[in-house]
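What follows is a short report on a single structure.
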Amino acid sequence: MTNPAPIFAVVLAVALTGCGSLGNMVGLGKKKENKTAVIPSSRFNETLGEAVEGNDIAQFQLGEWYRTGNQVNRDFAQAYAWFIISAANGNLGADARIRAGWRADTIARGKELAEIYKEKYPNALRPLASP
């Protein structure tokens, strides 16, 4: 069996080439923000169409995409707004998300956006079934 140390040293040297430090390579250094705009995909547009028609799962998905920066640029206020609307439509996952730790300014802006969306998309909130 060969000694893996020389192979590891070569792999490490190659990995570190061009890196400012090992900390940056493994994510411990300063994180650079991605300033490139994300162009919404057809999948995003389809999901948005379902969300404005009252689909709580699509609303939750929009919230997740805005929260994580997947499909769209990360925007916590947008995420919070869609979680509010989804939770109002009975989505328990969205209800849990709005109860998670959010910054006060994100909550305030998210509530503003949710009200704007409710006015702009009246079908986004569907009447809940009576017991």
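Each reported figure results from applying straightforward, stated rules to the coordinates on display, with no laboratory input. Treat the numbers as computed from the prediction; the structure is a model and nothing was measured. Every residue, glycine among them, receives a Cβ derived from its backbone with ideal geometry; neighbour counts consider all protein chains shown.
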- Message: 5 Å is the cut-off here: which amide hydrogens, built 1.01 Å from N in the peptide plane, fall below it relative to Val72, excluding neighbours closer than 5 in sequence?
- Response: none
- Query: Whole-Hz Karplus ³J(HN,Hα) for the range 45-51, in order, using 6.51 cos²θ - 1.76 cosθ + 1.60 and θ = phi - 60°, x for Gly and Pro?
  - Reply: 4, 5, 5, 4, x, 5, 5
- Query: So who's got an amide H within less than 5 Å of the one on Leu125, skipping anything under 5 residues away but keeping other chains? H placed 1.01 Å off N, in plane.
  - Reply: none
- Rounded to one decimal in nm, the spacing of the 7 Å Cα→Cβ label points at Asp95 and Asn45 is 3.5 nm
- Item | Point-to-point label distance, Ala104-Thr68, nm (Cα→Cβ direction, 7 Å offset) | 3.1 nm
- Normalised per residue, the volume inside the convex hull of the alpha-carbon atoms of the range 40-120 in Å³ amounts to 77 Å³
